[in-house]
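Student: For reference, the structure I am asking about is given below.
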Amino acid sequence: MGYLIERAASDLRRAKYAIALTGAGMSTESGIPDFRGPKGIWTLDPEAERRAYEIYHKFLKDPVAYSEERLSGPSILGDLSKVEPNPGHYALAELEEMGVIKCIITQNVDNLHQRAGSSNVIDYHGNAFRLRCPCCVRRFQLEDFDLERLRRERRLPPTCPFCASPLKTDVVHFREPIPEDIARRAVEEVERCDLMLVCGTSAVVYPFAALPRMARQRREVKIIEINMEPTPLTVERVSDYLIRGKTGEILPEIVKKVR
């Protein structure tokens, strides 16, 4: 493993435009449960997964019922405001500060990259601390609205102050399209990069999983996986090499070598 960490650091030092793709494996190291792992939320409660496929339809059909459920009760992931970034998040933030990593594209909705200090983050599946207008695609912080008062006064859902459309959480639900601005920005970053770190994602959820495969179409791009186990990217030889282990342990070691 030491050789591969040295190799990754060397590849990063030579890269002109490196980006990182991150997934649930980074969040679980901060104590946030995953969905499909051995002790995942849906593994333990298959009915919860079935309900997850109905959420976006509920918003379209009945924004009031959607808001009362999604904006009043606790998150299925728990209280994310009490979760702290782990060393992997801080390592990526340091690589950005050093000018090595230019952008992070994350599947995670927990805002931990931003809290660790990363500034150029694309929340591919949205951000649990924001609301989004599906019509004009403007985003707002949760604290911009007194949701508790709106709930008490039976005035949910909150509405967009620009176009008056019902707001939903910024989190992208099943069967909901990736917002156009996010999808466009992600593709632009992938097309620009010459190195991609793939950290803590099994790369099986589309369209996110298409991003490393898109990068692989350009032979000059170096793709480095950091995952506990091999993934389809490993098997299909999309990645150049895999460093097996926890992102919270490997990424700080890579940062030391890059320094």
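None of the figures in this text is laboratory data; all of them are computed from the coordinates on show. It should be emphasised that the depicted structure is a prediction, and the values quoted were computed from it without experimental measurement. When we count neighbours, we look across all protein chains shown, and the Cβ atoms used for this are built from the backbone with ideal geometry, even at glycine.
Student: I need the Debye-formula profile for the chain: one equal scatterer per C-alpha, no solvent, reported as log10 I(q)/I(0) at q = 0.09, 0.15, 0.16, 0.17 1/Å, two decimals.
Tutor: Ignoring solvent entirely, the Cα scatterers give -0.42, -1.08, -1.20, -1.32.
Student: What is the Rg over Rh value, at two decimals, for region 75-191, using alpha-carbon atoms and the Kirkwood definition of Rh?
Tutor: 1.00
Student: Can you give me the long-range amide H partners of I243? Hydrogens built in the peptide plane at 1.01 Å from N, cutoff under 5 Å, separation of 5 or more residues or another chain.
Tutor: Under 5 Å from the amide H of I243: E225, I226, N227.
Student: Could you give the size of the charge dipole of region 1-66 about its Cα centre, using +1 on the Cβ of each K and R and -1 on the Cβ of each D and E, expressed in debye and rounded to the nearest 20?
Tutor: On the way: 10 positive and 9 negative charges, 66 e Å.
My answer is approximately 320 debye.
Student: Moving on to the next point. Treating only the Cβ of Lys, Arg, Asp and Glu as charged (+1, +1, -1, -1), what charge dipole size does the chain show about its Cα centre? Round to the nearest 20 debye. Numbers along the way, then the final one.
Tutor: Working: 39 positive and 38 negative charges, 89 e Å.
That gives a dipole near 420 debye.
Student: Considering amide H positions built from the backbone, and no H for Pro or chain starts, which residues 5 or more places from K222, or on another chain, come under 5 Å of its amide H?
Tutor: Here L195, M196 satisfy the definition.
Student: Kindly write out, for region 232-246 in residue order, the coupling ³J(HN,Hα) from the Karplus curve 6.51 cos²θ - 1.76 cosθ + 1.60 (θ = phi - 60°), rounded to whole Hz, with x marking Gly and Pro.
Tutor: x, 5, 5, 5, 7, 6, 6, 7, 6, 7, 10, 9, 8, x, 7
Student: Check which residues have an amide H placed less than 5 Å from I122's amide H, if you skip close sequence neighbours.
Tutor: Amide H neighbours of I122: I104, I105, T106.
Student: Excluding P179 itself, what net charge comes from residues whose Cβ is under 13 Å from its Cβ, given Lys and Arg +1 and Asp and Glu -1?
Tutor: Details: positive: R130, R132, R138, R139, K168, R184, R185; negative: D123, D170, E176, E180, D181.
Its environment carries a net charge of +2.
Student: Also: Over the C-alpha atoms of region 109-257, what are the Rg and the largest Cα-to-Cα span, Dmax, in Å?
Tutor: So, for region 109-257, Rg and Dmax equal 18.5, 58 Å respectively.
Student: To continue, here is another question. Nearest 10 degrees, 0 to 90: what angle lies between the long axis of helix 180-192 and the longest principal axis of the chain (Cα atoms)?
Tutor: Between helix and principal axis, roughly 0 degrees.
Student: What is the sum of charges, Lys and Arg at +1 and Asp and Glu at -1, for the other residues whose Cβ falls under 10 Å from the Cβ of E236?
Tutor: On the way: positive: R213, R216, R237; negative: none.
Result for the neighbourhood of E236: +3.
Student: Something else: Going down the table (K82/K168; K102/K246; K58/K82; K102/K222), which pairs top 25 Å between alpha carbons?
Tutor: Values: K82/K168 22 Å; K102/K246 22 Å; K58/K82 28 Å; K102/K222 15 Å.
Listed pairs above 25 Å: K58/K82.
Student: Restricting to the chain, what percent of DSSP beta bridges are antiparallel, rounded to 5? It would help to have the intermediate numbers written out before the result.
Tutor: Numbers: 6 of 28 bridges.
Antiparallel bridges make up about 20 percent of those DSSP assigns within the chain.
Student: Given the rule -39500 (n - 2.57) for each run of at least 4 DSSP H residues, summed and divided by the residues of the chain, what is its mean residue ellipticity at 222 nm, to the nearest 500 deg cm²/dmol? Kindly include the intermediate steps, with their values, before the conclusion.
Tutor: Working: 13 runs with 102 residues, N = 259.
Per the formula, -10500 deg cm²/dmol.
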